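Just so it is clear, none of the values below were taken in a lab; they were calculated from the coordinates. Just so you know, these numbers come straight off a predicted model, no measurement behind them. In this analysis, Cβ positions are derived from the backbone assuming ideal geometry, glycine residues included, and neighbour counts consider all displayed protein chains.
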Amino acid sequence: MKVLLIIFFGGGAGSVTRYLLINYFNKVIPSTVPYGAMLVNLFGALIIGIIYYLITTKLLLNEQLKIFLTIGFLGGFTTFSTFNLDFFKLIESGNLSLAIIYAIATFIGTITLFYMGYSFAKLIS
């Protein structure tokens, strides 16, 4: 039960952070492309790369904090369910080429930034 509460609170914090950042980015970069969700996913990939490296090599975190950060916070923060909806809306509105570009940029970007985060954490530790 304790683990579920840890995930619950981490997920809530991540979701609220996601909501605030998506709204901010969408105001700063108004567009038909949902840049807010894409930027949050990219940033989340970078952060989980850093955290994963630190958890597996150097940083001694207790199991509850690992679960809070990875499954909870970052699970609530990243938005692949939102990504799927935005992708669908782009296709539904007839923007197939924009939908494909959005999907490729998000997918390649999140993988690239995960490795960048991992490498950065490895470099500075």
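Quick notes on this one:
- Footprinting exposure proxy ranking of 89, 66, 58, fewest other C-beta atoms within 10 angstrom first, gives 58, 89, 66.
- Listed residues 42, 59, 69, most fluctuating in the chain (Gaussian network, C-alpha, under 10 Å): 59
- Virtual paramagnetic centre 7 Å along Cα→Cβ of residue 98, amide N under 14 Å, in segment 24-55: 30-36
- Neighbour net charge for residue 55 - beta-carbon separation under 12 angstrom, K R +1, D E -1: +1
- Globularity index of segment 79-125 is 1.52 (Cα radius of gyration / 2.2 N^0.38 Å, N = number of residues).
- Residue among 104, 47, 71 with the largest mean-square fluctuation in a Gaussian network model of the chain, springs linking Cα atoms under 10 Å: 104
- Summed side-chain charge close to residue 7 - residues other than residue 7 whose Cβ falls under 15 Å, Lys, Arg +1, Asp, Glu -1: +1
- Calculated log₁₀ intensity ratio I(q)/I(0) where the Debye formula runs over C-alpha points of the chain, q = 0.13, 0.20, 0.22 Å⁻¹: -0.58, -1.10, -1.21
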